[in-house]
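Here's the structure, in C-alpha cells; my notes come after.
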Amino acid sequence: MFKTLLGALGSNTAEVETELFTPGVQPGQPVQGVIRMRCQDRPVRINGVSVELITRAEREYDNGEQLVDLAFARQPVFGPFELVPGHPLEGRFELVTPWETPITFYNGRHLPGTAVAVRTRVDVEGGFDAADTDPLGVGALPPQHVLLAAVEAWGFGLRHADVEAGRIDRIPHRLPFFQEIEFGPSPRFPGLNQLEVTFVADPHGMYVVLEADKRALMFAPGRDIQDAIRVEYATFEQVNWVDVLGQRLHLLAR
C-alpha cells in the first residue's frame, strides 16, 4: 500500500511503497524487495532513497533507561532524481542482514520483546526526510536453535528477549548493541534466579554468552556471573550441546 510523504514545498506530495519479497530471513541472509514511488500533482525532487534495518533497544542513562530505534546495515537504492506526475519509478534492492542481527523467532515462536524492521528512507530536496517501515521476521540460525533448545532441556523457561545498546566486554562484535534472551529459573539449578543468553555471530561461528543471576546465600550476596562458549558452524553438529551446556551451568551455579 502506498504511503503519502508530505512534500517540502507547498501541497505537492510523493507516495512510497516498499514490498519485501523475503519477509523472513536468518542472520547473514539477504532481504530482497522493491521500492515504488509516485507523485500526484507537481514534480518532487528526491536526493536519494535508501533502505536500512532497525531494531528497538534499551539505552541506559544516568536517570534510567529509554527505548530507542537503532539503525544498522544501511544501503542506497537509487537517486537523485525528479519524481514527475504520471511517471512512477521503482527500484529493487538486496540488503544483507548482519550476522549479529537480533532474532525474533525460535522454534516457531515469536520472541516477545524483540522486533526488527526494514526502513525505507526518502531524502526530499529542501531538508525533508521521510521513512516507511516494514516488519521483518528473523529466525534463529541452526546452532542458535540447538543452544536455546539445550537451555530449555535443563529446565529453564523462556520469558522474553530484548536488545541492549552497548557492547559486551571481551567479546568481539561489530554492531553497537546485543540481544539478551531471558529464561526463568530451573528447578535443577535452585541457586540461579534466571539465565540470559546472548549470541554474537560471525560468518564462521558465534559466541554464546551466558549470564546468570546467582541467588543470595546466608554468607554471600547475590551477583551476576558470566561465561562464554565459542561455537563453530563447521563442527557444531558433532557436539552434544546439552551436555556441554550442563557442565557450564553447574560451574555457574557452584
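The values are calculated or read from the model by the stated rules, or taken from the named source; none is laboratory data. It should be emphasised that the depicted structure is a prediction, and the values quoted were computed from it without experimental measurement. In this analysis, Cβ positions are derived from the backbone assuming ideal geometry, glycine residues included, and neighbour counts consider all displayed protein chains.
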Original post:
Listed residues Ala165, Ala234; which is closer than 28 Å to Val116 by Cα and free of Cβ contacts under 8 Å to residues at least 60 places away in the same chain?
Top reply: Ala234
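Would you say Val208 is at pLDDT 95 or above and in contact with a helix residue (DSSP H, G or I) (Cβ under 6 Å, 6 or more places away or on another chain)?
On the way: at pLDDT 95 or above: yes; in contact with a helix residue (DSSP H, G or I) (Cβ under 6 Å, 6 or more places away or on another chain): yes.
For Val208, the condition - at pLDDT 95 or above and in contact with a helix residue (DSSP H, G or I) (Cβ under 6 Å, 6 or more places away or on another chain) - is met.
Return the only residue of Val151, Val138 being modelled with pLDDT of 95 or more, within 28 Å of His204 (Cβ to Cβ), of a type in the set (Val, Ile, Thr) and in a strand (DSSP E or B). Explain how you work it out, then say what you get.
Values: Val151 fails: in a strand (DSSP E or B).
Val138 is the lone residue from the list that is modelled with pLDDT of 95 or more, within 28 Å of His204 (Cβ to Cβ), of a type in the set (Val, Ile, Thr) and in a strand (DSSP E or B).
If you check Thr198 against the conditions, is it part of a strand (DSSP E or B) and free of Cβ contacts under 8 Å to residues at least 60 places away in the same chain? Step through it out loud before you land on a result.
Working: part of a strand (DSSP E or B): yes; free of Cβ contacts under 8 Å to residues at least 60 places away in the same chain: yes.
Against the criterion (part of a strand (DSSP E or B) and free of Cβ contacts under 8 Å to residues at least 60 places away in the same chain), Thr198 qualifies.
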Subject >> Scope the stretch 49-79; condition touching an Asp or Glu at 6+ places or on another chain (Cβ under 9 Å) and at positive phi; matching residues >> reply: Ala73, Gly79
**OP:** Consider Val200 carefully, then state whether it is over 15 Å from the mean Cα position of the chain (by Cα), modelled with pLDDT of 95 or more and buried (at least 16 other Cβ atoms within 10 Å of the Cβ).
**Re:** no
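One residue is enough: does the stretch 22-31 have a residue meeting the conditions of a type in the set (Val, Ile, Thr), without any contact (Cβ under 8 Å) to a residue 12 or more places away in the chain, surrounded by fewer than 21 Cβ atoms within 10 Å (Cβ to Cβ) and closer than 19 Å to Leu136 by Cα?
Checked against the condition, which is being of a type in the set (Val, Ile, Thr), without any contact (Cβ under 8 Å) to a residue 12 or more places away in the chain, surrounded by fewer than 21 Cβ atoms within 10 Å (Cβ to Cβ) and closer than 19 Å to Leu136 by Cα, the stretch 22-31 yields at least one hit.
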Original post:
Does the stretch 115-137 include one or more residues that are hydroxyl-bearing (Ser, Thr, Tyr), within 30 Å of Cys39 (Cβ to Cβ), assigned by TED's automatic domain parsing to the domain that holds Thr22 and buried (at least 17 other Cβ atoms within 10 Å of the Cβ)?
Top reply: yes
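Name the residue, out of Pro98, Pro102, that is crowded, with 20+ Cβ neighbours inside 10 Å, touching a strand residue (DSSP E or B) at 6+ places or on another chain (Cβ under 7 Å) and not in a strand (DSSP E or B).
Working: Pro98 fails: crowded, with 20+ Cβ neighbours inside 10 Å.
Of Pro98, Pro102, the one residue that is crowded, with 20+ Cβ neighbours inside 10 Å, touching a strand residue (DSSP E or B) at 6+ places or on another chain (Cβ under 7 Å) and not in a strand (DSSP E or B) is Pro102.
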